[in-house]
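Asker: If you scroll down you'll find the structure; I have some questions about it.
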Amino acid sequence: MYNFDFLVIGSGLAGLTFALKAAEFGSVAIVTKREINEANTSYAQGGISGVMNLVDDSYEKHINDTLVAGAGLCDKKAVEAMVKEAPRLINELMTRGVEFTKKNGKLHLGREGGHSENRVVHVDDATGMEVENVMVRNVRNHPNITVFEHHFAMELLTEHHLGKKAKYLKNIHCYGAYVLDEATGKVHRMLAKRTILATGGAGAVYAKTTNPDIATGDGIAMAYRAKAKIRNMEFVQFHPTALNVPEADSFLISEALRGHGAILRNADGVAFMEQYDARKELAPRDIVARAIDDQLKKRGDKSVFLDITHLPDDETRNAFPNIYETCLQYGIDITKQLIPVVPAAHYFCGGVETDLVGKTSVQQLYACGEVAYTGVHGANRLASNSLLEALYFADRAVDAAIIGVDKTTFNEKIPQWDESGTFNTKEWVLISHNREELQQIMSNYVGIVRSDLRLERALRRQTLLYEEVEDFYSRTRVSIPLFELRNLISIAYLIIRAAMDRKESCGLHYNIDFEDSIGQTI
Ligand code: FAD
Ligand code: SIN
């Protein structure tokens with residue numbers, strides 16, 4: 001019942017794309033920890049970048065914009081391959097049923113920071129919701145795909161579960177995962193010939209994030225425990241403009257607003273971006289987020305403001321219906337009032353290292369989407385390149401994963417999960433306290449602007465939390481909040497260590513103790 005050719009962990013765009021394509025070659029299980037459509041993908045606003053207009057735009061321009069945003073650390077080969085496939089992959093989404101916004105019968109192409117041309121296909125300002133819904137419809141109709149909702153992947157199965165020590169192994173293999181069924185509390189051993197991590201990012205490691213609370217870095221943490229290579233974790237992207245109203249839970253105000261002419265102002269109404277970069281509001285995100293951080297710190301303000309009041313009301317309402325309605329719920333009419341915004345953790349450029357076809361350093365384990373480090377984002381992701389990356393690498397990973405799958409056998413020697421352990425119900429509240437404590441540590445010491453001293457402090461505090469939580473874990477039966485907390489603590493460790501190891505400032509990693517390698521001024 002729990003043996004599948006392909007085990008896909010995660011049901012965002014990366015997981016669903018992989019599943020739909022792989023299902024043509026074998027049986028597929030999708031394991032997802034909440035409802036199928038609860039994924040960062042569903043919250044995407046701006047859209048998907050791709051050169052859909054070869055008259056004004058070109059692959060070279062998209063490649064160059066990606067490399068410039070990535071501050072010199074992108075893998076050029078990966079970028080070139082992804083950019084050239086974007087039109088095919090966007091057309092494929094349309095064939096599956098996605099209806100991107102059109103004007104006069106042609107795809108409407110939006111603009112975002114760091115793009116030298118209009119090249120973002122979108123569905124108004126709620127692109128992710130439509131893309132996710134269409135993909136879910138396709139998946140639900142596929143006879144080879146079984147979906148396990150409210151199932152939480154806890155551990156990847158490797159030789160470690162056969163009692164072998166990683167240091168004595170030449171090659172580690174992945175044989176599936178232990179998966180906790182939330183409804184029954186039972187842990188299933190799911191065996192697979194190929195396992196695909198598509199678990200998304202880890203925004204929840206920070207106090208303020210645009211991500212939903214599922215984004216706890218489970219895939220990266222599991223892969224780390226399985227001894228897969230993890231890379232570039234210091235490059236955490238803070239989106240410059242999350243709505244700064246306490247009840248709004250860092251709702252994103254899309255960069256597409258700035259692409260449409262919105263201006264960033266400080267509390268005195270001054271448009272400040274020109275002091276920081278000639279591209280002003282449309283500079284890459286790392287620069288805009290740091291500029292806002294600088295304004296807030298220098299002036300002691302709580303917010304900066306996004307101003308789109310100069311556009312005709314109808315135009316704003318039509319172009320941004322989701323943002324207009326949501327802000328209105330919080331008492332802000334964006335056609336007449338300025339929108340209070342602050343940066344919030346948004347995206348992980350690093351993750352589980354893969355090659356150009358999604359293979360990780362562990363045999364039979366693949367990674368695609370935000371969980372992966374594929375090389376395309378370098379030190380800073382270009383806006384709307386993430387959904388494209390998820391599409392492209394899921395597509396490539398299928399081509400690689402199907403090779404030899406018919407000759408691979410299930411590893412039935414892997415034991416069932418050991419259910420022993422006792423509940424310690426009195427102490428459960430500690431889990432939420434520890435999660436908040438960790439988020440505060442990361443926000444205070446490992447945010448947009450870092451220093452050696454802050455990183456050292458963060459590591460000391462993270463180590464203490466790690467020790468406490470591991471002790472609690474060893475005495476308690478498994479639960480999803482506890483697993484998520486352990487994973488977040490590993491993610492924090494990986495970010496802090498990577499940040500300490502990088503002896504320069506570059507892209508999203510800005511350390512005041514080091515010169516900026518590309519000479520930025522903040
Ligand atoms: P996700 O869509 O995050 O899916 C991860 C899946 O894994 C989820 O289903 C989750 O439940 C599941 N999962 C995680 N851990 C486990 C576990 N242990 N067990 C089982 N299941 C698990 N990018 C763009 O390119 N354009 C945009 O316009 C854009 N706008 C954005 C707006 C917002 C508000 C946010 C938060 C992000 C935005 N991004 C955008 C980034 C982009 O949405 C994500 O990077 C992308 O959707 C990631 O897709 P994914 O499939 O890798 O992961
Ligand atoms: C946005 O709409 O601003 C988000 C786009 C992205 O994260 O790529």
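None of the figures in this text is laboratory data; all of them are computed from the coordinates on show. Since the structure is predicted, the reported quantities are computational estimates derived from the model, not experimental observations. Cβ sites come from the backbone with ideal geometry, for glycine too, and all protein chains shown count toward neighbours.
Asker: Two-decimal Rg/Rh of the chain from alpha-carbon positions, Kirkwood Rh? Walk me through the intermediate numbers first.
Answerer: Values: Rg = 22.3 Å, Rh = 23.3 Å.
When Rh is taken as the Kirkwood radius, the ratio is 0.96.
Asker: Taking 0.36 nm per intervening residue step and subtracting the Cα-Cα distance, what contour gain separates VAL449 from HIS142 on full extension?
Answerer: Numbers: separation 307, 0.36 × 307 = 110.52 nm, distance 4.68 nm.
Length difference between fully extended and current span is 105.8 nm.
Asker: Using the Kirkwood radius built from alpha carbon pairs, what does the Stokes-Einstein equation give as D for the range 402-487 at 25 °C and 0.890 mPa s, in µm² per second? Intermediate values should be presented prior to the final figure.
Answerer: Numbers: Rh = 15.9 Å.
Approximately 154 µm²/s, per Stokes-Einstein.
Asker: Related question: Find how many whole Å separate the alpha carbon centroid of the range 166-190 from the alpha carbon centroid of the range 281-354.
Answerer: With the range 281-354 and the range 166-190 each reduced to a Cα centre, they are spaced 41 Å.
Asker: Residues with beta-carbon under 14 Å from that of CYS368, excluding CYS368: net charge, scoring Lys, Arg +1 and Asp, Glu -1?
Answerer: Values: positive: LYS21, ARG194, LYS359, ARG396; negative: GLU85, GLU353, ASP355, GLU370, GLU389, ASP395, ASP399.
Here the count lands on -3.
Asker: Taking 0.36 nm per intervening residue step and subtracting the Cα-Cα distance, what contour gain separates ASN104 from ASP181 on full extension?
Answerer: 22.9 nm
Asker: In nm, give the distance between the simple-model label positions of ARG477 and GLU427, each being 7 Å from the Cα along the Cα-to-Cβ direction.
Answerer: Calculated label separation equals 1.7 nm.
Asker: Which shape class applies to the range 1-136: rounded if a/c is under 1.5, otherwise prolate when a/b exceeds b/c and oblate if not, where a ≥ b ≥ c are the square roots of the Cα gyration tensor eigenvalues? Walk me through the numbers before you get to the answer.
Answerer: Numbers: a/c = 2.04, a/b = 1.56, b/c = 1.31.
It comes out prolate by the Cα gyration axes.
Asker: If you don't mind, there's one more thing I want to ask. What do you get for Rg/Rh over the range 96-148 if you use C-alpha atoms and the Kirkwood form of Rh?
Answerer: Rg/Rh for the range 96-148 comes to 1.13.
Asker: Restricting to Cα pairs below 8 Å that are 6+ residues apart, what does the relative contact order work out to for the chain? Please round to a whole percent. Before the final figure, lay out the partial values.
Answerer: Numbers: 1135 pairs, mean separation 109.4, N = 522.
Dividing the mean separation by the residue count of the chain yields 21 percent.
Asker: Here's another thing I want to ask about it. Can you give me the distance in nm between label points at ARG88 and GLU456, each placed 7 Å from the Cα along the Cα-to-Cβ direction?
Answerer: My value for the distance between the label points is 5.2 nm.
Asker: Can you tell me the FRET efficiency between ARG225 and ASN3 if r is taken as the Cβ-Cβ distance and R0 is 25 Å, rounded to the nearest 0.05?
Answerer: 0.65
Asker: Subtracting the Cα-Cα distance from 0.36 nm times the residue separation, let me have the gained length for ALA166 to LYS298 in nm, one decimal.
Answerer: This chain segment gains 42.6 nm when fully extended.
Asker: Okay, next question. Measure out, as a whole number of angstrom, how far apart the alpha-carbon centroids of the range 238-266 and the range 97-144 sit.
Answerer: The distance from the Cα centre of the range 238-266 to that of the range 97-144 comes to 21 Å.
Asker: Okay, next question. Let me have the relative contact order for the range 363-522, percent, based on Cα pairs under 8 Å that are six or more residues apart.
Answerer: So the answer I get is 24 percent.
Asker: Here is a follow-up. Calculate how steeply helix 429-445 sits against the longest principal axis of the alpha-carbon atoms of the chain, using the helix alpha-carbon long axis, and give the answer as 0 to 90 degrees to the nearest 10.
Answerer: With both axes taken from Cα atoms, the answer is about 50 degrees.
Asker: Calculate the FRET efficiency for GLU149 and ASP56 from the Cβ-Cβ distance with a Förster distance of 45 Å, rounded to the nearest 0.05.
Answerer: Taking R0 as 45 Å, the efficiency between GLU149 and ASP56 is 0.55.
Asker: Does the range 58-161 come out rounded, prolate or oblate by the C-alpha gyration tensor, with a ≥ b ≥ c the root eigenvalues, rounded set by a/c under 1.5 and, if not, prolate when a/b is larger than b/c and oblate if not? Each step should come with its number before you reach the end.
Answerer: Numbers: a/c = 2.42, a/b = 1.27, b/c = 1.91.
Cα axes put the range 58-161 in the oblate bin.
Asker: Still on this model: Please report the antiparallel percentage of the DSSP beta bridges confined to the chain, to the nearest 5.
Answerer: 60
Asker: On to the next question. To the nearest 0.05, what FRET efficiency results for ASP418 and ASP213 with a Förster distance of 22 Å applied to their C-beta separation? Show your work: numbers first, answer last.
Answerer: Values: r = 29 Å, r/R0 = 1.30.
The computed FRET efficiency comes out at 0.15.
Asker: Run the Debye formula on the Cα coordinates of the range 162-306, all scatterers equal and no solvent, and tell me log10 I(q)/I(0) at q = 0.10, 0.21 1/Å.
Answerer: Reported log10 I(q)/I(0), two decimals: -0.55, -1.37.
Asker: For the residue pair ARG96 and TYR466, what label-to-label distance in nm results when each label sits 7 Å from Cα along the Cα-to-beta-carbon direction?
Answerer: Those two pseudo-labels are separated by 3.8 nm.
Asker: List the residues of the range 453-470 whose backbone N lies under 18 Å from a point placed 7 Å from the Cα of ASP513 along the Cα-to-Cβ direction.
Answerer: 453-463
Asker: I've got another one for you. Does anyone have the angle between helix 127-140 and the longest principal axis of the chain? Alpha-carbon axes, 0 to 90°, nearest 10?
Answerer: 30
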